[in-house]
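Working notes for the structure below.
The values are calculated or read from the model by the stated rules, or taken from the named source; none is laboratory data. Treat the numbers as computed from the prediction; the structure is a model and nothing was measured. As a convention, Cβ positions derive from the backbone with ideal geometry for all residues, glycine included, and neighbour counts pool all protein chains shown.
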Amino acid sequence: MTGIREDLSDVIYDVSPSETPFYSACAKVKATNTYHEWQTDALRASAENKHVEGSDTDGEVRVATSRLGNYTQIFKNAVTISGTDDGLNKAGRAKEMAYQILKVNFGLLAA
């Protein structure tokens with residue numbers, strides 16, 4: 001059989017593996033220098049707070065916070081589309097340049 005048209009959906013599905021539930025749940029801060037540092041700490045184990053009634057209270061040794069750091073990174077993306085390619089009738093998008101710019105910008109926001 002010849003002359004059968006293709007059955008192409010007019011939707012583009014994003015299948016990028018961007019599901020990051022742990023990262024998404026973490027608090028975010030803005031870096032103000034190229035080397036950003038933060039501190040971490042941990043709670044003591046719950047069993048270590050037991051106390052026998054009537055016994056003396058002794059001071060506990062406390063552990064200092066840990067200081068961690070990492071360098072910032074500059075993300076850069078460029079989009080170049082030919083006039084011919086941008087003018088063609090595409091499935092799932094009206095203009096190729098607008099679509100590519102949206103992908104670049106969304107990728108930076110999702111990261």
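Some notes on this structure:
- Those residues of segment 50-91 which are touching a helix residue (DSSP H, G or I) at 6+ places or on another chain (Cβ under 8 Å) and not acidic (Asp, Glu), in sequence order: Phe75, Asn77, Val79, Ile81, Leu88, Lys90
- All conditions but one from (1) modelled with pLDDT of 80 or more; (2) within 22 Å of Asp10 (Cβ to Cβ) apply to Glu37; the one that does not is (2).
Results for (1) on the phi > 0 side of the Ramachandran plot; (2) among the charged types (D, E, K, R); (3) surrounded by 10 or more Cβ atoms within 10 Å (Cβ to Cβ), shown as yes or no for each residue.
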position: Thr40; (1), (2), (3): no, no, no
position: Asp58; (1), (2), (3): no, yes, no
position: Val61; (1), (2), (3): no, no, no
position: Asn89; (1), (2), (3): no, no, no
position: Ile101; (1), (2), (3): no, no, yes
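- The number of residues in segment 36-77 that are free of Cβ contacts under 8 Å to residues at least 24 places away in the same chain and more than 20 Å from the chain's Cα centre (by Cα) comes to 23.
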